[in-house]
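The values are calculated or read from the model by the stated rules, or taken from the named source; none is laboratory data. What you are looking at is a predicted structure, and each value in this text was computed from that prediction instead of being measured. FYI the Cβ positions are ideal-geometry reconstructions off the backbone, even for glycines, and counts take in every protein chain you see. Calculation scope for accessible area: heavy atoms of the full protein, side chains included, ligands and nucleic acids excluded. Shrake-Rupley method; radii C 1.70, N 1.55, O 1.52, S 1.80 Å.
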Amino acid sequence: MKKNTLLAIISICILVTVNLFWFIQSTASISIDPEVHYRLSQIIGFLELIAYAGLLPFFVALYKKQ
């Protein structure tokens, strides 16, 4: 359970960082080249997918513990 908890904490940190990045980028009106923006979106989307997948073992272990 400790390993799953650590993985879940890291995943949540990744998700918060990614969303904070998009929030700052959108509110600061930073203009980014469309091609760079597209690549950045792909990379960040992949990071989010990995982060959400990292949350799954925690919830599975939590469900089994009941």
List pairs: first residue in the range 28-42 and at pLDDT 85 or above, second residue among the hydrophobic types (A, V, I, L, M, F, W, C) anywhere in the structure, Cβ distance under 8 angstrom, at least six positions apart or on different chains. Leu40/Ile32
Selected residue (only one of Ser29, Ser11, Ser41 is not charged (D, E, K, R) and not in a helix (DSSP H, G or I)): Ser29
Residues satisfying the stated conditions in the range 40-66, i.e. farther than 20 Å from Ile10 by Cα and surrounded by 11 or more Cβ atoms within 10 Å (Cβ to Cβ): Leu40, Ser41
When you scan the range 29-66, how many residues do you find that are charged (D, E, K, R) and touching a Lys or Arg at 6+ places or on another chain (Cβ under 9 Å)? 0
Filtering the range 1-17 down to residues that are within 11 Å of the chain's Cα centre (by Cα) and polar (S, T, N, Q), which residue is least open to solvent (accessible area, probe 1.4 Å)? Ser11
Suppose we filter the range 18-35 for residues that are open to solvent by less than 80 Å² (accessible area, probe 1.4 Å) and aliphatic (A, V, I, L, M); how many remain? 3
